[in-house]
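So the structure is just underneath, and the comments pick up after that.
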Amino acid sequence: MNALDLELEQGDFALVTGPNGSGKTTLLRLIAGLAAPTGGELEVDVPRAQIGFLAHEPLLYRELTAVENLDLYGRLYRVSERRERIGMLLERFGLWRVRAERAGSFSRGMLQRLALCRALLHEPELLLLDEPFNALDTEGAELLDRELAERRGSATFLVATHDPARVEPLASRRLVLA
Amino acid sequence: MTAYAGDVLTLARKDLRLELRARDTVPAMVLFVVATLVVFHFALPAASGDLAAYGLLWVALIFTSLLGLVRGFAAERDQGLLDALVLAPVDRSTIWLAKALAMLAFLALTQAVALPAFALFFADVSWETVAGVALADIGICTVGTLLAAMAAASRTRELLLPLLFLPLAIPIVVGGVGASIVEEPGRYLGFLAVYDAIFAIISWASFEYVVTE
């Protein structure tokens, strides 16, 4: 990744597009602190506890149930009223009836919904979403549309996607990587 | 309970629960150590005596622990979960400590079978040997967990981990065998305790660097 100059303000909704290999995922990993830049300057004025990251992988333990996965992250992120928040997110993303089933038995779309619950669990100030609509069915995509629209303005978003039309109306900044 | 201890407990409980569900590490370790002792039983000439048997016990324990350590970060590695743990707002050394504690539990379970099996095939197990094994386990878990995290990032992790771990396990074998066979084992047990303390501090302090670099 070269010659990238980007400054995000609180509440921005930045849409990142570009062909495969252009560095969309790398940019998100750099901002999340999961990779270190080899040159240039990177400053993220958001504490680690306030970053929500949705990666290509769902970052969920397949042997744990949906509730156990969220409970683990809820404890690590010190989420207050953890159980209520977990229940609310599972309801909202249509996973309440499978809350006691292991994540390993979920379809790819259900895993993506659970991964979204994980990323949103601690109500982060900065949300880094890498291909958030991947594997979601129509209902799941609409749920995410609603979630993004509701949170727009209250959190800062950086959304990398191959399908920009879906979030284009929400975007306040557009970044095209070549 | 401090936040640090709470995080360690949360992560260790997760590792124990994963093993309870998957059962792919402890059963393999138990089978391996028993099979190894059986092989040694038939391989060791009858006249070789107890000294050689104690040496073989420690060989079996070290290689069994290696088997567990290779699986130590399997869930995180296979599902890219180390990113999620590194991203969580916890002291990164809690990840190491929780893994080391879980591994200690796996080793204790394995040795609860291995030591009686050794007594059955070879010779009595003295309290000095048990104390040596307990101290050695702490050393194995502290060093081994750090090295397992380093190796997890490599494509050749199954080859890399033994290459990194076995040289560092030599002092454990020296201390463990010494504690098992001499009449006054205090010096060897002390040596193992010092090894544990030094490598626990080094591993605790360097884990963050290992997982972020």
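Roughly how many Å is it from the Cα centre of segment A:47-116 to that of segment B:166-213, as a whole number?
Computed from Cα coordinates, the inter-centre distance equals 39 Å.
Neighbouring Cβ atoms within 10 Å as the yardstick, rank A:Ser154, B:Ser65, B:Ser203 fewest first.
On the way: A:Ser154 10, B:Ser65 26, B:Ser203 22.
The order, fewest Cβ neighbours first, is A:Ser154, B:Ser203, B:Ser65.
Quick one, what does Rg over Rh come out to for chain A if you take C-alpha atoms and the Kirkwood Rh?
Across chain A, the Cα-based Rg/Rh ratio is 0.95.
Would you mind computing, in nm to one decimal, how far apart the modelled labels at B:Ala112 and B:Asp24 are, each placed 7 Å from Cα along Cα→Cβ?
2.4 nm
What value, in deg cm²/dmol to 500, does the helix sum -39500 (n - 2.57) over DSSP H runs of n ≥ 4 give at 222 nm once divided by the residues of chain B?
Using -39500 (n - 2.57) per qualifying helix, the result is -28500 deg cm²/dmol.
Treat every Asp and Glu Cβ in segment B:2-211 as -1 and every Lys and Arg Cβ as +1, leave all other atoms uncharged, and give the resulting dipole magnitude about the Cα centre to the nearest 20 debye. Walk me through the intermediate numbers first.
Numbers: 12 positive and 17 negative charges, 112 e Å.
In total the dipole reaches around 540 debye.
Of all the Cα-Cα pairs you can form in the protein assembly as shown, what percent are over 39 Å apart? Write down the numbers at each step before the final one.
Details: 22109 of 76245 pairs.
Above the 39 Å cut-off, the protein assembly as shown has 29 percent of its Cα pairs.
If you average the sequence gap of Cα pairs under 8 Å that are 6 or more apart and divide by the length of chain A, what percent do you get for the contact order?
Values: 262 pairs, mean separation 72.5, N = 178.
So the answer I get is 41 percent.
Simple spin-label model, 7 Å along Cα-to-Cβ: A:Glu91 to B:Val130 in nm?
5.4 nm
If I take every Cα pair under 8 Å that is 6 or more residues apart in chain B, average their sequence separation and divide by the length, what percent do I get for the relative contact order?
Working: 213 pairs, mean separation 58.0, N = 213.
The normalised contact order for chain B reaches 27 percent.
Using the Karplus curve 6.51 cos²θ - 1.76 cosθ + 1.60 with θ = phi - 60°, what ³J(HN,Hα) values do you get for each residue of segment B:158-168, in whole Hz, with x for Gly and Pro?
5, 8, 5, 4, x, 5, 7, 7, 4, x, 6
For segment A:115-144, list residues with backbone N below 15 Å from a point placed 7 Å from the Cα of A:Leu6 toward its Cβ?
From segment A:115-144, the list is A:126-132.
Taking each residue of A:62-68 in turn, how many C-beta atoms of other protein chains fall within 10 Å of its C-beta, and what is the average? Don't skip to the end; give the middle numbers.
Working: counts 7, 10, 5, 1, 0, 0, 4.
The mean count of partner-chain Cβ atoms within 10 Å per residue comes to 4.
Could you line up B:Trp58, B:Trp127 from fewest to most neighbouring Cβ atoms inside 10 Å?
Working: B:Trp58 23, B:Trp127 8.
The order, fewest Cβ neighbours first, is B:Trp127, B:Trp58.
So for A:Asp163, A:Asp45, fewest C-beta neighbours within 10 Å to most, what's the order?
Working: A:Asp163 13, A:Asp45 9.
Fewest-to-most ranking of A:Asp163, A:Asp45: A:Asp45, A:Asp163.
Please report Rg over Rh for segment B:111-213, where both radii come from the alpha carbon positions and Rh follows the Kirkwood definition.
Working: Rg = 15.4 Å, Rh = 14.7 Å.
Checking Rg against Rh, the ratio lands at 1.05.
Within 10 Å of each Cβ of B:9-21, how many other protein chain Cβ atoms are there on average?
So the per-residue partner count for this stretch is 3.
Take B:Ile198 and B:Phe63, extend 7 Å from each Cα along the Cα→Cβ direction, and tell me the distance between the two endpoints in nm.
A separation of 2.7 nm, rounded to one decimal place.
Mind pulling the per residue volume of the convex hull built on the Cα atoms of segment B:2-211? Å³ is fine. Intermediate values should be presented prior to the final figure.
Numbers: hull volume 24.5 nm³, N = 210.
Convex hull volume per residue, Cα atoms: 117 Å³.
Every number in this text was worked out from the coordinates using simple rules, so none of it is lab data. Nothing here was measured: the structure is a model prediction, and the numbers come from that model. Ideal geometry is used to build each Cβ from the backbone, glycine not excepted, and the neighbour counts take in all protein chains shown.
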